[in-house]
Amino acid sequence: MEVFFQALVNGMLRSGLYALTSIGLALSVGVLKIVNFAHGEFLMLGAYLGVFLFVFFGVDPLLSLPLAALALFALGAAVYRCTIRHVLGAPEINQMLLTFGISVFIQNMALILWTGDPRAINCVYRSVTLHLGGVNAGMGRFITFTIAFLMIVVLYLVLTRTRTGKAMRAVSQSRDGAGLVGIRVQKVYLYTFGLSAALAGMAGVMLSMVLYAQPAVGLEFTLKAFCIVVMAGLGNIGGVIWASLLLGVAESLVGTYLPHGSGWSEGVFFILILAVLVFRSRGVGQWFAQ
Amino acid sequence: MAVRGQGFRIERGEIVGLIGPNGAGKTTTFNLISGLYYPDAGTIRFKGVDITRRAPHVRCRMGIGRTFQIIQPFENISVLQNVMVGAIFGGRRSGKRPEDTAWEACEMVGLGDRCHSMPGELTAAGLKKMELARALATFPELLLLDEMMEGLTPVESAEVINIIKKVRDSGTAVLVIEHVMRTVRDLSDRVVVMHQGGTLAEGTYGEVVSDPLVIAAYLGEEGEGDTVGHSGH
Amino acid sequence: MVRPVRSVLVFGSLAAGFLALAPLAVDPYLLHILILVLMSAVMALSWDLLVRTGQLSLAHAGFFGLGAYASALSCNLLGASWWMSFIAAGMAGGAAALALGIITLRLHGMYFAIATLAFAEVLRTVTLQAKFTGGAVGVTLPAIFGGNRVEAYYLVAVIFVLCLAVSLGLQKSRWGLAFQAIRARQAVAEVIGIDTVKTKLAAFVISSVFPSLMGAFYIHYVTYIIPYEAFSLNTSVSALVMSVFGGIYTTAGPVIGAVVLKILEEYLKSAIVYGYTVIYGLILALVILFMPNGLLGVIRRAAGSGRADQILRWFGGRKRAGVSD
């Protein structure tokens, strides 16, 4: 039973990073209606930023968070301004190919600049473990989880209480309608994409605090974030939290109970995607019925 | 969600005008009949067969054709080829050669001399006719026309009305959505009024426009030549 | 239309002659490069077959790896001969595409793209984890035709010609028209009687059989493969970038793209060992932004109505306005 609870807690703690990453993706897909394959690469860049700030300047990763958010916001906004904006009217396939190209570019650039070796932040949060009635939790993971959910609350407030946030929600409902009532859609897109990247960047810093930074982590997180967004339903930001918990806990349980489980847990997200898609396409039977 | 109630019947050889204020569910009805949307509840029957869960292409091959409110040409093939796509895939059961079907459909809508033009070279009226021909090439027994006259001059409208009547006389049931009441009057054998997703009234043009319920739905703005669909703001 | 036909015949027979006689004229290293180029052409062209229906597949690497493993395991575990193992690879790829397609192709194209990317990544996880695949160690096979490179070349050339024929055949047939209609206006395609799901599914299956065959060929040619190489995302990346760079939705484009980029890649690999794929990412983004019709689009515009243009147009399969007379 203790093993089970430990697995449950590990899964929940893991889901914090997933939620923070996915909520950024849900935001950009929901508002811009563009699938951003480079979302995980923003996270990967945030992770490296955290590592370098710590290694070269001794900056505590928690202090790096706002810096990474700013840097990634700027990068996201620049990527939007220079590339995405020019394909808004293009066929969807061109949009997907573009963000995929950006993803491939950033990932391999990181590989060239920083090699494929994993790098981590070896700070105090990594070494301290919290004990809570027979269940252990790394302090770093605990902090990550807490901050992730705090950020989601902040995001919720931004979306519901601020002018920009309300404009984002309006645009996600109806781009043309929002334009008609005087919302500057282009500006909203820019902010949304920047914010989305900033959220990924913060998740990245925390990733390097509890795990490591490595050029290929971006792809892994992109896929898992897609899985969560697909589970939650497009544009459903609240659903992201539940979907993240589900993925985190499912991975943790598979990792705990299956032989060589830590390897298999990397496939859990795919099973979940397929399950959701089967459900969405209203069963396979219909196709054969014709 | 947007459309409720059991709706209405339509028979061979008649033109039924579907009218109602904006948001009444007219286009949604078309999407339900042509199969682009599936209803959450209720059934759709065609020639006595339940087609509620059939895919759009199956319905097309059974004899349901439609056009769209916003014109949707295939831009990089010629007018004739546009129409031929309909003949090849939707008109299979006729047993005719697709080329012949496409030619006949183009002739029928008066595009015989523009067959080899590209869609970009046609006027708005020409494109509307091309889309009509593309639908005709699938040999529809029920034809759904969504705002064919939108953006046409009165002369062009009159021409298209004649084409649609020819289609009806060949034994096709035609359901049209139109906003301009004059067009509805000139075109329809029968009129169905939709309001808030349900059918409000049904009858000849004269009966319907004098129905107090209908007048209430349109906030009394009904009248000759008014674009009724845009009332109610 | 007489002249383009004759030009195509001339051009086609020159190309066929080159393909048939190349092994006699070039040294073994160049022959190796030629084999890699033909493989790339098959990968790029087969990826293009599906994208013609407006669907973005990121699973080409998955099918390549699946084919490699299906072929290697059917040889090693079941004692199949090389050609039987190729058939097994093609069938495995086709069946996987059918299953994945039934689940995803009814939905919006975005879900398909995501699911295909996930599919390729998960196949690697499974291959690494499973017992019968040899795990991270990979699989080994004796070289095909006893290591005779010329015979290997002819085998891949035959598959290339097959892929070329399928591509041209699809373009000239009703299927090509259906692909184009679905890509341009899916709702219209549906209501004029095109079975969009079945058409996309057929395209996906055909498009997936070829990378599976290439995987089977690759393992037989290099004799050894590990999961990280078999299911490398770079395989999908290069296939789609070659197609987009050369000219998407055409037959000539992906082939041209494969020739240019594979040769560039061989050069870059020696210059930048890790991360040479960065060029592919860069090219992809730039082409989408600045020349979405690829090299072929640029050539077409430059050539105007010249003769070269007619040949390309023919190979590209774009129908001209009012063709019939």
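The values are calculated or read from the model by the stated rules, or taken from the named source; none is laboratory data. All values derive from a computational prediction rather than experimental measurement. Every residue, glycine as well, gets a Cβ built from its backbone with ideal geometry; the counts of neighbours run over all protein chains shown. For accessibility, only protein heavy atoms count, side chains too; no ligands or nucleic acids. Shrake-Rupley method; radii C 1.70, N 1.55, O 1.52, S 1.80 Å.
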Checklist line | Backbone N within segment A:2-17 under 18 Å of label point (7 Å from residue A:129 Cα along the Cβ vector) | finding: A:2-14
Check: How much of the accessible area of the protein assembly as shown, in percent, comes from carbon and sulfur atoms when a 1.4 Å probe is used?
Finding: 64 percent
Checklist line | Three-way shape label, segment C:45-180, alpha-carbon gyration tensor, a/c 1.5 | finding: oblate
Checklist line | Cα-based Kirkwood hydrodynamic radius, segment A:2-285, one decimal, Å | finding: 19.3 Å
Checklist line | segment A:2-285 - percent relative contact order, Cα under 8 Å, separation 6 or more | finding: 40 percent
Note to self: Which one, C:268, C:24, C:66, has the greatest fluctuation when you compute a Gaussian network model over chain C with C-alpha springs under 10 angstrom?
What the structure shows: C:24
Next item on the list: With +1 on each Lys and Arg Cβ and -1 on each Asp and Glu Cβ, and nothing else charged, work out how big the dipole of the protein assembly as shown is about its Cα centre, in Debye to the nearest 20.
Entry: 580 debye
Next item on the list: For a quick protection proxy, order the peptides C:26-32, B:28-34, C:102-108 by their average other-Cβ count within 10 Å, most packed first.
Entry: B:28-34, C:102-108, C:26-32
Notebook entry, point to check: What FRET efficiency do you get for residue A:280 and residue A:157 if R0 is 22 Å and r is their Cβ-Cβ distance, rounded to the nearest 0.05?
Noted result: 0.10
Margin query: Multiplying the sequence separation of residue C:298 and residue C:286 by 0.36 nm and subtracting their Cα-Cα distance, what value in nm do you get?
Written below: 2.9 nm
Item checked: Phi-based couplings in Hz for segment C:21-29 (Karplus 6.51, -1.76, 1.60; Gly and Pro marked x) -> 9, 3, x, 6, 9, 10, 7, x, 5
Check: What does the highest-first list of C:212-223, A:80-91 look like by mean Cβ count within 10 Å?
Finding: C:212-223, A:80-91
Next item on the list: Taking 7 Å along the Cα-to-C-beta vector as the label spot, tell me the residue C:6-residue B:141 distance in nanometres, rounded to one decimal.
Entry: 5.3 nm
Notebook entry, point to check: Rounded, prolate or oblate: which fits segment C:2-316 when a ≥ b ≥ c are the square roots of the eigenvalues of the alpha-carbon gyration tensor, with rounded for a/c under 1.5 and prolate only if a/b beats b/c?
Noted result: oblate
Checklist line | Rounded tilt (10° steps) of B:79-90 against the dominant C-alpha axis of chain B | finding: 80 degrees
Note to self: Which of the three applies to segment B:74-139, rounded, prolate or oblate, going by the alpha-carbon gyration tensor with a ≥ b ≥ c and a/c under 1.5 meaning rounded?
What the structure shows: prolate
Notebook entry, point to check: What is the mean number of Cβ atoms from other protein chains located within 10 Å of the Cβ atom of each residue in peptide A:79-89, rounded to a whole number?
Noted result: 1
Item checked: For segment B:154-169, 3J(HN,Hα) per residue [Karplus equation, 6.51 cos²θ - 1.76 cosθ + 1.60, θ = phi - 60°, Hz, x = Gly/Pro] -> x, 5, 5, 4, 4, 4, 5, 4, 4, 4, 5, 5, 4, 4, 4, 5
Check: residue A:57 to residue A:150: FRET efficiency via 1/(1 + (r/R0)^6), r the Cβ-Cβ distance, R0 22 Å, to the nearest 0.05?
Finding: 0.35
Next item on the list: Alpha carbons only, please: Rg and Dmax for segment C:110-149, in angstrom.
Entry: 15.3, 45
Check: Mind checking how much accessible area B and C bury in total, 1.4 Å probe, in Å² rounded to 100?
Finding: 2200 Å²
Next item on the list: Could you tell me which trypsin sites (Lys or Arg not before Pro) in segment A:130-224 are loop residues by DSSP with no more than 13 other beta carbons within 10 angstrom of their beta carbon?
Entry: A:184
Margin query: Using +1 at the C-beta of Lys and Arg and -1 at the C-beta of Asp and Glu, which of B:122, B:90, C:43 has the Cα lying farthest in the positive direction of the dipole of the protein assembly as shown?
Written below: C:43
Margin query: Using only the alpha-carbon atoms of the protein assembly as shown as identical scatterers, what base-10 log of I(q)/I(0) does the Debye formula give at q = 0.04, 0.05, 0.09, 0.10 Å⁻¹?
Written below: -0.20, -0.32, -1.00, -1.18
Item checked: Part-to-part distance (alpha-carbon centres) for segment A:124-152 and segment C:98-131, which is given in Å -> 34 Å
Notebook entry, point to check: Within chain B, what percent of beta bridges assigned by DSSP are antiparallel, to the nearest 5?
Noted result: 35 percent
Checklist line | ³J(HN,Hα), Karplus 6.51/-1.76/1.60, whole Hz, each residue of segment B:31-48, x for Gly, Pro | finding: 5, 6, 5, 7, x, 6, 10, 9, x, 6, 8, x, 10, 10, 10, 9, 6, x
Next item on the list: Take every Cα pair under 8 Å in segment B:1-155 that's 6+ residues apart, average their separations, divide by the length, and report that relative contact order as a whole percent.
Entry: 26 percent
Notebook entry, point to check: Which peptide among B:17-27, C:166-176 comes first, and what is the full order, when sorted by highest mean count of other Cβ atoms within 10 Å?
Noted result: B:17-27, C:166-176
Check: Accessible area per residue, 1.4 Å probe, Å², for segment A:2-285: what's the number?
Finding: 41 Å²
Next item on the list: With a 1.4 Å probe and every protein chain left in place, work out the accessible area per residue of segment C:1-80 in Å², rounded to a whole number.
Entry: 39 Å²
Checklist line | Semi-axis lengths, Å, chain B, gyration tensor of Cα atoms, sqrt of 5 times eigenvalues | finding: 29, 21, 15
Notebook entry, point to check: Once label points are set 7 Å from the Cα along Cα→Cβ at both residue A:169 and residue C:158, what is their separation, rounded to one decimal in nm?
Noted result: 6.5 nm
Notebook entry, point to check: Given H placed on each backbone N at 1.01 Å, which residues far from residue A:138 in sequence or on other chains put an amide H within less than 5 Å of it?
Noted result: A:130
Notebook entry, point to check: Between residue C:143 and residue C:172, what length comes free when the chain is fully extended (0.36 nm per residue of separation minus the Cα-Cα distance, one decimal in nm)?
Noted result: 6.6 nm
Checklist line | Listing of segment A:99-148 residues, each with accessible area lower by at least 40 Å² in the full protein assembly than in the chain alone (probe 1.4 Å) | finding: A:100, A:104, A:105, A:108, A:112
Note to self: Please compute the average number of Cβ atoms from other chains found within 10 Å of each residue's Cβ in peptide A:254-267.
What the structure shows: 3
Checklist line | Cα-projected label distance for residue C:87 with residue A:136, points at 7 Å along beta-carbon direction, nm | finding: 5.6 nm
Notebook entry, point to check: What's the percent breakdown of Cα-Cα distances in segment A:57-156 across 10 Å bins, shortest bin first?
Noted result: 11, 27, 32, 21, 8, 1
Margin query: Excluding ligands, DNA and RNA, what is the accessible area buried between chains C and A, summed over both sides, using a 1.4 Å probe, to the nearest 100 Å²?
Written below: 4100 Å²
Notebook entry, point to check: Given H placed on each backbone N at 1.01 Å, which residues far from residue B:46 in sequence or on other chains put an amide H within less than 5 Å of it?
Noted result: B:51
Checklist line | Cβ-based charge dipole, chain C, positive-most Cα from C:278, C:196, C:61 | finding: C:196
Item checked: Percent RCO, i.e. relative contact order, over chain C, from Cα pairs under 8 Å lying at least 6 residues apart -> 30 percent
Next item on the list: Shielding by partners for C:114-120, please: the mean number of other protein chain Cβ atoms within 10 Å of each residue's Cβ.
Entry: 6
